[in-house]
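Following: one structure in structure tokens, then a few remarks.
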Amino acid sequence: MAEVIQDLIMNPPFAVARLGGGSVPQDSFRWITPPDPRSGGETVVSPDWSLTVEADATVTPTKPATLSFRDGAMIRPVAPFIEVWALVGEPGSAPATWREVPLTPARLQAERIRPRDVRFRVTAMNAKAARRTGNPALRFGTFPPVEITAADHIAKPLLATSPPDANPAMIPAGRTIPLGSVQVLRPRSQPTAGTTDWAEIVDVSVMRLRFTPARGHFYGPPETAWPRPTTRLGSSFAPVDATRAFLDPAAGWAGANAQSTAPDQPADTYDGASVDLNQSLGIVDDTCEVRIEVRLALPSSGRAATAAASVFVAPPDFAPDRRPFLSLADEINDRAGDAAARSAAMTTPERDAWVEDLFERIYETVSLLNVDGWRFARAATLDGEQLAEGIPDDKTPDPKRAAGAEDALRNRMFALPAPSNDDPLPMTRHARMRHLNLANLQALIGLIQGNESKDKGAGVGRLRALIRGPFEVRRNENTNLTTMAMPPFMRHSNAYPLSLSTWQYDLLMEWAGKIAVGAGTVQETAAAEPLALALHPAAKPLSDRAQRRRNQVLARTRNRGQ
């Protein structure tokens, strides 16, 4: 019996777009190890297969020889593609037997489905001001959602307005804020394998959409077009261009004290948080979250197949060749599936490679930071056992603040000079040097096994003391100030100190425990297990509130939607 469409999925189920004023979207690229070993082992970017959208809405795969991230002064936007796939199986078959296949014109034609019967519903929404104030009337987006069929290949603008019942509306009647556009692309025949360089890599026959984000503009009330003082002495500027200063200041966002009204943290990430006594200037941007839903009435069963994908719009990536040590993939690994089972299934070489890659990513993140500057802004003042005898000859300012000479977490082998014209950022320089060294697996093993004899805290215990546990908040820390527990002076999405995910932390500490009893390589011995467990005891169960929040997030990002 012939297979028929049983359900739909969208691939990927969520994606990240990035704002940019350039006229051409960013070409695809991938991270690779540099071919030149003298480069220090840092990641570089290499062009990959991209899709050029033609005038007739078809796509042509291209692989540029070089990468461009700007059009003149304008940054190119990242505009992701979302493909529609089908789950196919024989009528009445069990879902476990269904196969994933691309949704193509041939597949639709085989079941006598017209392209116009495939319907998309696109919702774009910016709820930043609404979230910070608890006022849903301050949302803005597509009211109503944009409806498109697979037979319509014209790019559709996503023009945001205030909710119809908002009174007064933040976006006045007759005005809109562009949040980008979405286009259903026209499938074309797939060439025979071997006839092009890309025929076995890229499928041009699959049904897909492209979301192109907005340009990265700010909007505000009329007074935001007037120059005003900044926190830099003697400087002033107008926050918003006069052509975009049309929001209604009476809507409730201008003048709001979001520090006290935000239902959760961080509450201080808005224009005006650091000036004007924490009062909002009433400014919004054109980032948004986009939900794309697809629906198809199945002639074989009479029911409707549905799927959904989400696109999250973010600012430009100003360091695309530097990988974060905590990524979206790491967060998903921590929340979906059985992380412990995945870790247990890793072979010894795989664990070694994973740890080395993690510390390479840590170095790449450190290479972007002004550690001296962030220490000045966010170092906590220490007391009690957090302090130790000062490091001789260390000239770091404020020795009792985190990462100062009296910080017990500081490596006693390294004394830093005072900032000077010749060495204005000594802690930044040292952090980069140190983390570049630890990005080498053998150097990291040496630290764990205590080869740094002058460092009394050396060994696996030092690693545990240095690296912050998942969502751990140590004494004297809050949403603004942290100790130098790794990663120091950085904030999580809840505004508290940033940490590795639970999955990353557990796997790292288990690896370190086994290294500590070995001779330079991971030893899969029973003797290491108690040490690893002692370093990180079993995690506490989630609270009811945390479990509800987790369920809400997973519900929003799952690839199906009704």
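The values are calculated or read from the model by the stated rules, or taken from the named source; none is laboratory data. Values in this document were obtained by computation on a predicted structure and should not be read as measured data. Note that we place each Cβ from the backbone using ideal geometry, even for glycine, and neighbour counts take in every protein chain shown. Remember, those area values only see protein heavy atoms, side chains included, never the ligands or the DNA or RNA. Shrake-Rupley method; radii C 1.70, N 1.55, O 1.52, S 1.80 Å.
Each residue in region 157-181 was checked for being open to solvent by less than 50 Å² (accessible area, probe 1.4 Å), in contact with a Pro (Cβ under 8 Å, 6 or more places away or on another chain) and without any contact (Cβ under 8 Å) to a residue 60 or more places away in the chain, and 2 of them qualify. The number of residues in region 140-151 being open to solvent by less than 60 Å² (accessible area, probe 1.4 Å), assigned to a strand (DSSP E or B) and within 29 Å of Ile5 (Cα to Cα) comes to 3.
Right, Ala137: in a helix (DSSP H, G or I) and touching a residue at least 60 places away in the same chain (Cβ under 8 Å) or not?
When the stated conditions are applied, Ala137 passes them.
List, please: which pairs have Cβ atoms under 6 Å, are six or more places apart or on different chains, and start with a residue in region 432-444 that is polar (S, T, N, Q) and end with one that is open to solvent by less than 70 Å² (accessible area, probe 1.4 Å)? Listed by first residue and then by second, the contacts come to Asn437/Ala443.
Taking region 198-254 as the search range and keeping residues that are acidic (Asp, Glu) and over 25 Å from Pro77 (Cβ atoms), which one is surrounded by the most Cβ atoms within 10 Å (Cβ to Cβ)? Checked region 198-254; the qualifying residue surrounded by the most Cβ atoms within 10 Å (Cβ to Cβ) is Asp248.
When the strands (runs of 3 or more DSSP E) confined to region 1-93 are screened for residues that are under 25 Å from Arg112 (Cβ atoms), those reaching at least 3 such residues are found at 4-11, 81-89.
The residue that is farthest from Asn370 (Cα to Cα), counting only those in region 412-439 that are polar (S, T, N, Q) and surrounded by fewer than 19 Cβ atoms within 10 Å (Cβ to Cβ), is Asn437.
Results for (1) over 22 Å from Ile201 (Cα atoms); (2) in contact with a Gly (Cβ under 9 Å, 6 or more places away or on another chain), shown as yes or no for each residue.
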{"site": "Leu67", "(1), (2)": "no, no"}
{"site": "Arg70", "(1), (2)": "yes, yes"}
{"site": "Ala79", "(1), (2)": "no, yes"}
{"site": "Ala86", "(1), (2)": "no, no"}
{"site": "Ser93", "(1), (2)": "yes, no"}
{"site": "Thr97", "(1), (2)": "yes, yes"}
{"site": "Arg107", "(1), (2)": "no, no"}
{"site": "Glu111", "(1), (2)": "yes, no"}
{"site": "Phe120", "(1), (2)": "yes, no"}
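Within region 280-297, the only residue that satisfies the criterion of being closer than 17 Å to Phe81 by Cα and assigned to a loop (DSSP other than H, G, I, E, B) is Cys288. Of the residues screened, Ala319 is not one that is open to solvent by 40 Å² or more (accessible area, probe 1.4 Å) and not charged (D, E, K, R).
Only one of the numbered conditions (1) among the hydroxyl-bearing types (Ser, Thr, Tyr); (2) surrounded by 14 or more Cβ atoms within 10 Å (Cβ to Cβ); (3) under 29 Å from Pro77 (Cβ atoms); (4) at pLDDT below 85 is violated by Ser343, and that is (3).
Of Ala380, Ala458, Ala443, all but one fail to be at pLDDT 95 or above and either open to solvent by 40 Å² or more (accessible area, probe 1.4 Å) or of a type in the set (A, V, I, L, M) (or both); the exception is Ala380. Residue check: is Ile154 open to solvent by 70 Å² or more (accessible area, probe 1.4 Å), in a loop (DSSP other than H, G, I, E, B) and of a type in the set (A, V, I, L, M, F, W, C)? Yes.
Given the structure, is Ala86 closer than 21 Å to Gly252 by Cα and either crowded, with 19+ Cβ neighbours inside 10 Å or hydrophobic (A, V, I, L, M, F, W, C) (or both)?
The answer is no for Ala86.
I need the full set of residues from region 370-383 which are touching a residue at least 60 places away in the same chain (Cβ under 8 Å) and either closer than 26 Å to Asp506 by Cα or of a type in the set (Gly, Ala, Ser) (or both), in order please. Matches in region 370-383: Ala377, Ala379, Ala380.
Rundown of residues vs (1) over 23 Å from Ser181 (Cβ atoms); (2) touching a His at 6+ places or on another chain (Cβ under 9 Å); (3) among the hydroxyl-bearing types (Ser, Thr, Tyr), yes/no style:
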| residue | (1), (2), (3) |
| --- | --- |
| Asp56 | no, yes, no |
| Pro61 | no, no, no |
| Arg76 | no, no, no |
| Ser93 | yes, no, yes |
| Arg112 | yes, no, no |
| Arg119 | no, no, no |
| Pro144 | no, no, no |
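Could you please find all residues in region 98-137 being of a type in the set (S, T, N, Q) and surrounded by 12 or more Cβ atoms within 10 Å (Cβ to Cβ)? Across region 98-137, the qualifying residues are Thr104, Thr123, Asn126, Thr133, Asn135. From the list Ser68, Ser50, the one residue that fits, being out of contact with any strand residue (DSSP E or B) (no Cβ under 6 Å at 6 or more places or on another chain), of a type in the set (S, T, N, Q), open to solvent by less than 60 Å² (accessible area, probe 1.4 Å) and closer than 25 Å to Ser327 by Cβ, is Ser68.
Suppose the filter is closer than 30 Å to Ser189 by Cβ and open to solvent by less than 50 Å² (accessible area, probe 1.4 Å); does Phe29 pass it?
No, not satisfied.
Can you name the residue in region 184-197 that is in contact (Cβ under 8 Å) with a residue 24 or more places away in the chain and open to solvent by less than 40 Å² (accessible area, probe 1.4 Å) and is also farthest from Phe120 (Cα to Cα) among such residues? Across region 184-197, the extreme among qualifying residues is Pro187.
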